[in-house]
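The values are calculated or read from the model by the stated rules, or taken from the named source; none is laboratory data. Bear in mind the structure is a predicted one, so any value in this text is a computation, not a measurement. A quick note on method: Cβ atoms are made from the backbone with ideal geometry, for glycine too, and the neighbour counts reach across all protein chains shown.
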């Protein structure tokens, strides 16, 4: 497990070291645009989206170099392989999300952003950073990176169409049950976290069954 | 204890059927798996490593049943697959750190010695190494954590004859310890002939025979004769033949041909080729 995580860290450093530079630039732009306007929202979102795709990219690199097969000759299980990828995804997400949350807090202290906006933006980043890998990683572990990526894109399109269709089908949002803000906030954090954990369990199950 | 035990192992991929396969490698011995492309050598090895799930049968490696969790057994196994797959962008030093994190008994100085002895570039990325050097890196890693069993799938493929000879010597050195065993598959039968105690012939997924090498060489021989002489031999005496412009070379059981018949020694390669061709008519 430690060996696999170390291999992923090396791969991250070799293939994504310029991401650190991008992160600094993105934070700078966010800071100077106060985080409240479109530019200040786009860059954090883009940074989180990029880092949430790193687990996916690492899996693709593993398959290209056949490390996914070679790793199975080491004293580790397929569960370890899956856990390693989720751990590195979490680590890279945390390395992006935490600096942005701290930046938002500084902007809020300086009065350049409201505390409410800071909370909303932080939760949005969390949802995006956890949901994207929660959906993409199981498809890659089940079908491999080439097929899995196509299936992932198809799923995202279908989900977007489904959500859009459902919203359009509602005559009025008044039919929706009213939720208090604290409950909404808890749900907004809990749902992606639970989905991420569920995604890990599904990936373990699928990867253990997959013939390589 | 047997290093490897396989009983009734079966695996099917489309038209290809492996087994049922029964194979035993006693501890302290070297077994060579010989077979044409697609004979089932790699499938057998991958099943032993838990990379693929057999359809039927059981197997154990170093006493541990094959399955999804073979962590303890794999601590004592050194594995080289037909394509060594370390992460592409890593250099030897980084690969060593990964191996050190994986194996309790990782010996860094021994790994560095193998890198020097086998002349493996340490400053190049793994992806920039030649196929031969990638294979040598895999062999060096497999030999550097005090393994008790080596499982090697075509480890000498892509190596030039000089390095191949060095590598075969390394494997020989490994088995000086009476508790060390090797399962090795190779197309280069001469390497196996030099190295192995046991030879297992796989052909189209079936085990043609598995025997001690010395016994094979004692039991079988090459008979040069005409078709009429061959036809006069008892049933089952001849197992395969090759027709040349001058005579027929037949693979025969020495004890089944008439006394006084001149039977020449057979090499493992000839034995395999003639067994696979099979036709004695």
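Answer with yes or no whether residue A:102 is buried (at least 19 other Cβ atoms within 10 Å of the Cβ), in a helix (DSSP H, G or I) and either touching a helix residue (DSSP H, G or I) at 6+ places or on another chain (Cβ under 7 Å) or away from chain B (no Cβ under 14 Å) (or both). No.
Taking the condition over 20 Å from residue B:181 (Cα atoms), touching a helix residue (DSSP H, G or I) at 6+ places or on another chain (Cβ under 6 Å) and within 12 Å of chain A (Cβ to nearest Cβ), does residue B:100 pass? It is false that residue B:100 is over 20 Å from residue B:181 (Cα atoms), touching a helix residue (DSSP H, G or I) at 6+ places or on another chain (Cβ under 6 Å) and within 12 Å of chain A (Cβ to nearest Cβ). Against the numbered list (1) assigned to a helix (DSSP H, G or I); (2) within 11 Å of chain B (Cβ to nearest Cβ); (3) touching a helix residue (DSSP H, G or I) at 6+ places or on another chain (Cβ under 6 Å), residue A:72 comes up short only at (3).
Yes or no, residue by residue, for (1) at pLDDT 95 or above; (2) under 17 Å from residue B:81 (Cβ atoms); (3) in a strand (DSSP E or B); (4) out of contact with any strand residue (DSSP E or B) (no Cβ under 8 Å at 6 or more places or on another chain):
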site: B:19; (1), (2), (3), (4): no, no, yes, no
site: B:28; (1), (2), (3), (4): no, no, no, no
site: B:33; (1), (2), (3), (4): no, yes, yes, no
site: B:37; (1), (2), (3), (4): no, yes, no, yes
site: B:43; (1), (2), (3), (4): no, yes, no, no
site: B:58; (1), (2), (3), (4): no, no, yes, no
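Restricting attention to region B:229-240, the residues being outside any helix (DSSP H, G or I) and surrounded by fewer than 16 Cβ atoms within 10 Å (Cβ to Cβ) number 4. Of everything listed in (1) within 22 Å of residue A:207 (Cα to Cα); (2) in a loop (DSSP other than H, G, I, E, B); (3) under 23 Å from the mean Cα position of the chain (by Cα), the single unmet condition for residue B:11 is (2). Would you be able to tell me the number of residues in region B:17-47 that are within 13 Å of residue B:182 (Cβ to Cβ) and more than 13 Å from the chain's Cα centre (by Cα)? So the answer is 3.
Let's see how each residue does on (1) out of contact with any strand residue (DSSP E or B) (no Cβ under 9 Å at 6 or more places or on another chain); (2) surrounded by fewer than 17 Cβ atoms within 10 Å (Cβ to Cβ); (3) more than 19 Å from residue A:12 (Cα to Cα):
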{"site": "B:72", "(1), (2), (3)": "no, yes, yes"}
{"site": "B:77", "(1), (2), (3)": "no, no, yes"}
{"site": "B:86", "(1), (2), (3)": "yes, no, no"}
{"site": "B:90", "(1), (2), (3)": "yes, no, no"}
{"site": "B:104", "(1), (2), (3)": "yes, yes, yes"}
{"site": "B:109", "(1), (2), (3)": "yes, yes, yes"}
{"site": "B:112", "(1), (2), (3)": "yes, yes, yes"}
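Of the numbered criteria (1) surrounded by fewer than 18 Cβ atoms within 10 Å (Cβ to Cβ); (2) not in a helix (DSSP H, G or I), the one residue A:113 fails is (1). In region B:103-123, of all residues being part of a loop (DSSP other than H, G, I, E, B), closer than 17 Å to residue B:174 by Cα and more than 12 Å from every other protein chain (Cβ to nearest Cβ), the one that is modelled with the lowest pLDDT corresponds to B:118. When the residues of region B:60-70 are filtered to those that are surrounded by 20 or more Cβ atoms within 10 Å (Cβ to Cβ) and not in a strand (DSSP E or B), the one that is nearest to the other protein chains (Cβ to nearest Cβ) is B:70. Name every residue in region B:84-101 that is assigned to a loop (DSSP other than H, G, I, E, B) and touching a residue at least 12 places away in the same chain (Cβ under 8 Å), in order of residue number. Within region B:84-101, B:84, B:86, B:87, B:88, B:89, B:90, B:91 meet the criteria. Set side by side, the residues B:144, B:172 differ, and just one is more than 10 Å from chain A (Cβ to nearest Cβ), more than 22 Å from residue B:41 (Cβ to Cβ) and touching a strand residue (DSSP E or B) at 6+ places or on another chain (Cβ under 9 Å), which is B:144.
Do we have residue B:52 as more than 20 Å from residue B:191 (Cα to Cα) and part of a loop (DSSP other than H, G, I, E, B) here? It is true that residue B:52 is more than 20 Å from residue B:191 (Cα to Cα) and part of a loop (DSSP other than H, G, I, E, B). Residues that are touching a residue at least 24 places away in the same chain (Cβ under 8 Å), more than 19 Å from residue B:193 (Cα to Cα) and surrounded by fewer than 24 Cβ atoms within 10 Å (Cβ to Cβ) within region B:14-26 comprise B:16, B:17, B:20, B:22, listed in sequence order. More than 7 Å from every other protein chain (Cβ to nearest Cβ) and surrounded by fewer than 20 Cβ atoms within 10 Å (Cβ to Cβ), is that true of residue B:55? So residue B:55 fits the description; yes. Candidates in region A:7-19 are the residues that are facing another protein chain (nearest Cβ under 8 Å) and buried (at least 19 other Cβ atoms within 10 Å of the Cβ); of these, the one that is nearest to residue B:125 (Cα to Cα) is A:11.
Select from region B:71-83 the residues that are part of a strand (DSSP E or B) and at the interface with another protein chain (Cβ under 8 Å from one of its Cβ atoms) and list them in ascending order. The answer is B:77, B:79.
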